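Colleague: Could you have a look at this structure, given as structure tokens, before my questions?
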Amino acid sequence: MSRINKIEAIPVRIPREAGAAENRLPGSHYYRSPHRGLIYSPHREALFVKITTDDGQVGWGETLASVAPEIAAQVIRTLIEPQWIGQDPLAGEFLVTQLHRSMRDRGHFTGFFVDALAGCDNALWDLRGRLLGQPVFRLLGGPFAERIRTYQSGVEGTTPEERAASARRAVEQGFGAIKLHLTQGRADTVATVEAVREAVGPTIELMVDAHNIYDVAEAIQVGRELERRDVFFFEAPTDPEDVAGLAEIAATLQVRIATGETERSRFQFRDRLVARAVDVVQPDIGYVGLTEMRRIALLAEAFHVPIAPHVSAGMGMSIAATLHLMASIPNGLILEHRFQTCAAINPFLTRPIVWEDGYLRVPDGPGFGVEPKEEALRAVAIKSG
């Protein structure tokens, strides 16, 4: 029987445009978002996890570590690897539950520990698929689909007219749904939605992500405007911690309320589902891991709520893991994507992730069906010390 022999954490940073120099933190390349205070990197950062067994089998995973991936990497080396060495890689449910319990008194629901756990969990699923010679979606009971419908997440431009032109290009590229990231207030949001709707026509689904900028009353006012303009869902309308406020918004509006990228556990989603505070759940597999992601999806199904996973700046393995999850559940709705993503990540993968005609194809090889080019990863790895 194979046993876990080694867990490697590989934090990477891929330089790209400088960006947002005026909000740069002193002595750091990170910068602060002006509209909601979040910290961002001007570069593409990620954390890969490689699990190796005593007989040489390998599984790869990724956590969403868009800032400070070296911190979650150290968590893996210090807290997770010692707990998993010598363990049976097929005992995934036990191993993940054991890790959660090991930090129960120390903030096990969120933070860098959960980020680190997510990457290890994803790598463990890939390893199990490879050990058994099966794609992960088959281990999970799928496939319900062989390709997953996507929406274009974000359009370029600073004016409604520029965003409308960018949305039209997304439709020409093959997208049938577009999400607008609008954080400049009610007037700009309404003007942009109107311009985009006129540009793309009545059959393209539109979503709006407000990134939590409104209070409850403002969110309801904006939501009523979105209803009149046939917006499919209204994402992150107010502070994610305000479950009662989200429930009030959801009860008042007909437009669907989507939220979830900030949450890390089924228990947090349970509270929102019981309160009827969400109509579309949006966990991110790079934050919660496939084991917890599947639990969240099944819980949402019990409330007749679909899942539209959040997908951020991953480097391929987390996207592949999400595709396998979506292929294995009955309540998968649609998946976040950017047209430029495949061109950015595929040079780092041994097999490309394929997007065509608005859909991402589910990789069909053992495990997640893709793996990183290890030499390319190590060339952009963040050096310790």
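The values are calculated or read from the model by the stated rules, or taken from the named source; none is laboratory data. Please read all numbers here as calculations on a predicted model, not as lab measurements. Virtual Cβ from ideal backbone geometry, glycine too; neighbours counted across all protein chains shown. Side chains are part of the model used for accessible areas, which takes the heavy atoms of the whole protein and leaves out ligands, DNA and RNA. Shrake-Rupley method; radii C 1.70, N 1.55, O 1.52, S 1.80 Å.
Colleague: Put a dot 7 Å past each Cα toward the Cβ at Ser33 and Ile85; how far apart are the dots in nm?
Modeller: Each label point is offset 7 Å from its Cα along the Cβ direction, giving 3.9 nm.
Colleague: If R0 is 41 Å, what FRET efficiency do you get for Leu132 and Arg276 from their C-beta distance, rounded to 0.05?
Modeller: Once rounded, the FRET efficiency stands at 0.55.
Colleague: To continue, here is another question. So for the pair Arg361, Val67, with labels modelled 7 Å out along Cα→Cβ, what separation do we get in nm?
Modeller: In this crude spin-label approximation the distance works out to 3.8 nm.
Colleague: Rounded to whole Å, give me the distance from the Cα center of the stretch 42-96 to that of the stretch 176-235.
Modeller: 38 Å
Colleague: Same structure, new question: With a ≥ b ≥ c the root eigenvalues of the C-alpha gyration tensor of the stretch 325-375, is it rounded (a/c under 1.5), prolate (a/b larger than b/c) or oblate?
Modeller: oblate
Colleague: So, one more: Given DSSP loops and a limit of at most 14 other Cβ atoms within 10 Å, what is the longest stretch of the chain that contains no such GluC sites (Glu not before Pro)?
Modeller: Details: sites that count: Glu17, Glu146, Glu156, Glu241.
The segment 242-385 is the longest one with no such site.
Colleague: In square angstrom, what is the accessible area per residue of the chain with a 1.4 angstrom probe? Intermediate results must be reported in sequence, preceding the final value.
Modeller: Details: 15830 Å² over 385 residues.
Roughly 41 Å² per residue, with all protein chains present.
Colleague: Loop-only check: which trypsin sites (Lys or Arg not before Pro) in the stretch 287-385 are DSSP coil with at most 16 other Cβ within 10 angstrom?
Modeller: Lys373, Lys383
Colleague: Go through the stretch 61-126 and name the trypsin sites (Lys or Arg not before Pro) that are in a DSSP coil and have 11 or fewer other Cβ atoms within 10 Å of their Cβ. The partial results should precede the final answer.
Modeller: Working: sites: Arg77, Arg101, Arg104, Arg106; in loops: none.
Here no loop site has a sparse enough neighbourhood.
Colleague: Continuing with this model, one more query. Hey, any idea what % of the chain's accessible area is carbon plus sulfur with a 1.4 Å probe?
Modeller: Numbers: 7900 of 15830 Å².
For the chain, the apolar C and S fraction of the accessible surface comes to 50 percent.
Colleague: Could you state the number of Å between the C-alpha centres of the stretch 108-162 and the stretch 321-385?
Modeller: So the two Cα centres are separated by 8 Å.
Colleague: Between the DSSP loop rule and a limit of at most 14 other Cβ atoms within 10 Å, which chymotrypsin sites (Phe, Trp or Tyr not before Pro) in the stretch 25-89 are left?
Modeller: none
Colleague: Which of the lysines could a cross-linker bridge to Lys6, judged by Cα under 24 Å and excluding same-chain residues fewer than eight apart?
Modeller: Lys6 reaches Lys50, Lys373, Lys383.
Colleague: Just Ala123, Ala91, Ala195 to compare: in a GNM of the chain, with alpha carbon springs under 10 Å, which one fluctuates most?
Modeller: Ala91
Colleague: Given the Cα-Cα distance of Ala344 and Arg378 and 0.36 nm per residue of separation, how much length would full extension add, in nm?
Modeller: Gain in length upon complete extension: 10.6 nm.
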